[in-house]
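The values are calculated or read from the model by the stated rules, or taken from the named source; none is laboratory data. All of these numbers come straight from a predicted model, not from anything done at the bench. Glycine also receives a Cβ, built like all others from the backbone with ideal geometry; neighbour counts cover every protein chain displayed.
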Amino acid sequence: MFGQGLIKGLQITWKEFWTKKFTVQYPDEQHPVPERFHGRFVLDVDKCIACSLCANACPNKVINLKREKVGKKQFLTEYVMNIQYCMFCGLCVEACNKDALHFSQDFNMNQYFYRDIPLVLVRREAPAEPEEEQAGKTGEKPQRQAKAKKQAEPAAAEAAAGKDPGKEGQ
Amino acid sequence: MLENLFVGVADWLRSLLGGLGTPVEINEAIVMLVKLVAILVFILLNAAWLVYMERKVAAYMQARIGPNRVGPKGLLQPFADVGKLICKEIVIPRKADIVVFLLAPVLIFVPTVMVFAVIPFGKNMAAIDMNIGVFYLLAITSLSTLFLWMGGWASNSKYSLIGSMRVVAQMVSYELPLVLGLLGVIMIVGSLRMSDIIAAQEHVWFIFTQPIAFLIYFTAAVAETNRCPFDLVEGESEIISGPYTEYAGMAFAMFFMAEYANIMVICAMATIMFLGGWHAPFGLDFIPSWIWFFLKMYALIFIVMQLRWTYPRIRVDQLMGFGWKVLVPLALANIFITGVGMKIYQAIGW
Amino acid sequence: MLRTQEYFLNFGPQHPSTHGVFQIILTLDGERIVKAEPVCGYLHRGIEKLAESRTYTQVIPYTDRMDYLAAMLQNLGYVQAVEKLMGIEVPERAEYLRIISGELSRLASHLLATGVYALDIGAFTGFLICFRERERVMDLLEELTGSRMTLSYARIGGVADDAPEGWLDKVKQLMDAMPDYIAEYNGLITGNEIFQARTKFVGQLKPETAINYSLSGPVLRASGVNYDLRKVRPYGIYDRFDFEVPLGENGDCFDRFYCRVREMQQSVRIIQQAIEQIKEVGGPVQAKVPKVLKPPKGDVYHEIESAKGIIGYYVVSDGSNKPYRVHVRRPSFINLGYLDEMLRGYLIADVVAILGSIDIVLGEVDC
């Protein structure tokens with residue numbers, strides 16, 4: 001009969017009117033972010049051997065890394081991702097042999113100024129001599145490392161810890 | 001006490017003015033002015049909150065929450081919106097007819113506001129109880145066609161032009177079934193005065209004696225206000241926004257508010273003509289008559305909104321076909337049956 | 001003397017219902033269409049050219065960006081083409097994961113097509129009701145791959161990662177609930193008389209014309225041509241599943257729409273079967289492939305049934321680690337070919353109905 005579909009439609013909207021709503025009120029409550037979420041990159045500097053496999057795996061040449069030779073090993077001095085060109089495909093994370101590069105669950109990566117967009121994961125000076133020799137001499141490896149890390153990535157560490165709300169998430 | 005709240009206020013005002021010793025005519029004029037201003041404020045606030053209601057109803061039917069940030073439960077959202085729209089620039093297209101373009105949103109509110117003068121919101125609560133109330137209302141509401149068309153024509157945009165042509169076609173062809181639908185009621189009552197029509201429904205509402213007339217009236221009225229499923233004047237997926245396409249800021253808001261004020265008019269009209277106006281059903285007299293009136297009116301408004309958020313839009317040829325081939329013959333048949341029925345009842349001597 | 005004049009109307013590229021940046025220059029006589037000239041290319045990014053300077057693996061994320069609504073199916077077509085070229089055997093479990101994620105992608109795409117079509121016709125609620133379930137599907141895909149739309153999940157020789165724990169159960173849960181939701185869409189959209197009046201016998205397409213114009217996907221099947229690559233030429237492991245190919249009768253807008261709705265039901269069936277079967281299949285999700293892919297010299301053409309139609313990848317290898325040429329047969333683009341003739345004689349409102357029923361996605365049209 002003509003009109004049945006019309007009444008059925010009204011019934012459905014009437015039923016929907018009283019059912020539970022689907023909205024998640026974002027800033028107050030958050031949808032759980034899955035474990036594999038492709039969020040901001042995190043680099044485990046200690047594990048990284050500066051092999052640049054990730055930079056080669058990237059389809060868009062997002063990753064720029066600089067390294068210096070310290071003793072026999074490569075030392076990572078700069079690791080910057082031009083995140084505005086990143087497709088978050090995950091090929092770089094997959095390429096990493098040493099399990100140093102990861103995705104985090106942090107999706108809030110927007111910046112107010114264009115110049116702030118590149119994601120600086122490491123920027124530090126290369127030490128004058130290899131760490132192992134130093135450690136062998138003085139036995140103060142842990143502190144030395146911690147110090148180096150602190151100097152190296154103040155911006156990245158702060159942003160990652162959410163201490164710099166003025167720059168991100170605006 | 002509550003029953004005569006507004007009537008009491010008017011009487012109090014009258015006695016207050018009477019104490020001043022001014023002539024009676026001036027006192028009456030002042031009371032009338034106060035009434036009209038009160039109605040005007042009521043319409044504007046109501047139109048603003050109807051927008052809020054529409055958004056909430058829409059959201060609730062779509063598994064969403066709707067506006068809920070400004071004020072408690074988002075109740076102040078319309079004022080935030082209006083504030084924003086006032087701040088916006090009214091962009092005038094370069095080749096637009098500026099005078100007509102700016103006149104249209106100013107004039108669009110005129111017929112709507114004029115109509116409210118005759119609507120009885122409760123017992124003895126019409127600003128003017130005119131003896132040709134229904135006729136006046138129909139004559140004035142049909143004016144708004146002109147202003148929508150003015151807006152569309154003056155914009156000098158093709159989408160606006162198509163929209164305004166649709167306005168004229170749709171409004172003119174749905175005016176007819178609207179009037180013919182009401183004619184059944186008017187024949188039974190034998191009067192065009194709204195208070196008479198309401199008085200005639202003290203025992204039985206006309207929705208039960210004239211169900212087909214109600215359906216015809218309601219359908220035609222929804223089309224008359226350009227609401228879904230007859231919203232092809234706006235038709236946002238086809239012609240962007242019809243006559244309003246080029247309007248921005250408060251000029252757009254005027255059209256928008258007028259639409260909601262028009263919904264109020266048609267729903268108030270349906271309440272008066274078919275749902276017994278301010279009469280309380282089931283003898284629930286302890287609730288004041290004006291509350292009953294508003295309850296009925298808002299129930300109808302809710303239905304109009306639900307229709308919008310359920311149905312798709314019909315096409316322009318189907319719209320005309322439906323109006324002329326279905327509604328008009330049906331309305332004429334209804335008038336014929338009503339007339340025959342009335343004669344039979346008179347013959348029986350009922 | 002009184003005379004009428006035809007006029008032009010720029011329908012797009014900024015228009016709410018061209019589904020992106022697509023322009024149709026309409027020649028109108030009143031509201032009736034005399035001529036329609038589709039203009040595409042506003043979203044052209046040169047993906048085919050970009051692919052030439054990327055290694056074989058690096059092309060995968062670009063294929064996402066074509067039909068971003070059903071990204072997994074785009075990945076799958078490319079990956080299978082390269083696998084065909086190199087002769088790689090894909091592990092069982094990876095095949096199943098490909099099927100599940102691919103059909104979920106198809107479901108997401110069809111849900112959007114259904115909802116947006118309701119919006120085109122003017123029913124806003126149908127749009128958001130469909131989006132609600134699409135959101136659930138996306139959540140599942142996000143949990144599997146880490147991204148919501150541009151999945152980049154398929155890899156040459158398998159998939160990127162195994163399903164996380166408990167994921168398959170979640171998929172099963174949603175799939176079990178899906179028939180009820182589809183019944184709701186049918187009640188709200190399909191069964192509505194106004195909707196039917198708007199779409200039935202509008203933009204009719206004869207089966208012969210559809211074949212001559214090389215149309216594919218639901219657009220072709222709505223005309224009654226039983227041609228679904230999953231049945232006709234099963235790729236992957238589609239021959240293991242029991243499903244039907246929904247067909248239309250009149251080839252009008254309604255049939256095209258309803259074909260998609262019924263295809264959703266079939267997708268649900270396929271996923272349910274795949275989840276049953278994957279339980280017994282263990283093992284790796286990646287075949288052993290060399291780190292640097294260097295396919296032998298030669299070319300390959302592989303086509304699969306995407307959400308919009310048949311998507312074909314033509315890959316030419318010159319023996320290096322980068323493809324010499326990649327060409328994509330994009331169903332959205334080819335399905336648009338008949339648009340002009342389909343629109344002639346209809347009203348402006350029908351433009352929206354017909355264009356929506358073809359279900360284009362501009363990322364794919366312009367590539």
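A few notes on this one:
- Single match in C:Val285, C:Val268 (criterion: crowded, with 18+ Cβ neighbours inside 10 Å, touching a helix residue (DSSP H, G or I) at 6+ places or on another chain (Cβ under 9 Å), closer than 18 Å to C:Glu83 by Cβ and touching a residue at least 12 places away in the same chain (Cβ under 8 Å)): C:Val285
- One residue alone among C:Leu140, C:Leu205 is under 22 Å from C:Leu111 (Cα atoms) and of a type outside the set (Ser, Thr, Tyr), and that residue is C:Leu140.
- Test result for C:Tyr258, buried (at least 17 other Cβ atoms within 10 Å of the Cβ), within 14 Å of chain A (Cβ to nearest Cβ) and either part of a loop (DSSP other than H, G, I, E, B) or at pLDDT 90 or above (or both): yes
- Restricting the stretch B:48-72 to residues that are in contact (Cβ under 8 Å) with a residue 40 or more places away in the chain and within 14 Å of chain C (Cβ to nearest Cβ) leaves a set whose member that is nearest to the chain's Cα centre (by Cα) is B:Glu54.
- Single unsatisfied condition, B:Ile197 versus (1) surrounded by 20 or more Cβ atoms within 10 Å (Cβ to Cβ); (2) free of Cβ contacts under 8 Å to residues at least 40 places away in the same chain; (3) among the β-branched types (Val, Ile, Thr): (2)
- The set of residues in the stretch B:200-235 being part of a helix (DSSP H, G or I), away from every other protein chain (no Cβ under 14 Å) and surrounded by 21 or more Cβ atoms within 10 Å (Cβ to Cβ) consists of B:Phe206, B:Ala213, B:Phe214, B:Ile216, B:Tyr217, B:Ala220, B:Ala221, B:Glu224.
- Within the stretch C:85-132, tally of residues that are within 14 Å of chain B (Cβ to nearest Cβ), among the charged types (D, E, K, R) and under 28 Å from C:Pro164 (Cβ atoms): 1
- Residues located in the stretch A:86-121, provided they are surrounded by 14 or more Cβ atoms within 10 Å (Cβ to Cβ) and assigned to a helix (DSSP H, G or I): A:Leu91, A:Cys92, A:Val93, A:Glu94, A:Ala95, A:Asp116
Table: residues versus (1) of a type in the set (Gly, Ala, Ser); (2) closer than 30 Å to B:Met32 by Cα; (3) assigned to a helix (DSSP H, G or I).
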residue	(1), (2), (3)
B:Ala80	yes, no, yes
B:Val91	no, no, no
B:Ala96	yes, no, no
B:Val100	no, no, yes
B:Thr112	no, yes, yes
B:Ala117	yes, yes, yes
B:Met125	no, yes, no
B:Met130	no, yes, no
B:Met150	no, no, yes
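- Residue check, C:Glu244 surrounded by fewer than 17 Cβ atoms within 10 Å (Cβ to Cβ) and acidic (Asp, Glu): yes
- Residue in the stretch A:1-39 that is modelled with the lowest pLDDT, counting only those that are among the β-branched types (Val, Ile, Thr) and under 25 Å from the mean Cα position of the chain (by Cα): A:Val24
- Hits in the stretch B:33-77 (condition: touching a Lys or Arg at 6+ places or on another chain (Cβ under 9 Å) and part of a helix (DSSP H, G or I)): B:Glu54, B:Lys56, B:Val57, B:Ala58, B:Ala59, B:Tyr60, B:Lys73, B:Gly74, B:Gln77
- All positions within the stretch C:204-231 that are among the hydrophobic types (A, V, I, L, M, F, W, C) and buried (at least 18 other Cβ atoms within 10 Å of the Cβ): C:Leu205, C:Ala210, C:Leu215, C:Val219, C:Leu220, C:Ala222, C:Val225, C:Leu229
- Applying the criterion of at least 2 residues that are surrounded by 14 or more Cβ atoms within 10 Å (Cβ to Cβ), within 14 Å of another protein chain (Cβ to nearest Cβ) and not polar (S, T, N, Q) to the helices (runs of 4 or more DSSP H) found wholly in the stretch B:264-350 leaves B:289-308, B:316-321.
- Residue within the stretch C:341-353 that is under 19 Å from C:Gln80 (Cβ atoms) and hydroxyl-bearing (Ser, Thr, Tyr) present: no
- Only one entry in C:Gln173, C:Gln204 is part of a loop (DSSP other than H, G, I, E, B) and away from every other protein chain (no Cβ under 14 Å), namely C:Gln204.
- Considering the stretch A:35-49, the residues that are closer than 15 Å to A:Met81 by Cβ and aliphatic (A, V, I, L, M) include one that is farthest from the other protein chains (Cβ to nearest Cβ), namely A:Val45.
- Options B:Leu33, B:Leu45, B:Leu75: the member that is more than 22 Å from B:Leu307 (Cβ to Cβ), touching a residue at least 12 places away in the same chain (Cβ under 8 Å) and either small (Gly, Ala, Ser) or away from chain C (no Cβ under 14 Å) (or both): B:Leu75
- Restricting the stretch A:15-34 to residues that are more than 7 Å from every other protein chain (Cβ to nearest Cβ) and either touching a residue at least 40 places away in the same chain (Cβ under 8 Å) or hydrophobic (A, V, I, L, M, F, W, C) (or both), the residue that is surrounded by the fewest Cβ atoms within 10 Å (Cβ to Cβ) is A:Trp18.
- Where helices (runs of 4 or more DSSP H) fall wholly inside the stretch C:1-112, the ranges with 1 or more residues that are in contact with a Ser or Thr (Cβ under 6 Å, 6 or more places away or on another chain) and at negative phi are C:60-64, C:71-86.
- Condition broken by C:Glu143, with the remaining ones in (1) within 7 Å of chain A (Cβ to nearest Cβ); (2) in contact with a strand residue (DSSP E or B) (Cβ under 6 Å, 6 or more places away or on another chain) satisfied: (2)
- Per-region count, the stretch C:232-243, residues touching a helix residue (DSSP H, G or I) at 6+ places or on another chain (Cβ under 8 Å) and either at pLDDT 90 or above or not in a loop (DSSP other than H, G, I, E, B) (or both): 2
- Filter result for B:Val189 (crowded, with 23+ Cβ neighbours inside 10 Å, among the β-branched types (Val, Ile, Thr) and in contact with a Phe, Trp or Tyr (Cβ under 9 Å, 6 or more places away or on another chain)): no
- Within the stretch C:318-327, not a single residue is part of a helix (DSSP H, G or I) and either surrounded by fewer than 20 Cβ atoms within 10 Å (Cβ to Cβ) or over 12 Å from the mean Cα position of the chain (by Cα) (or both).
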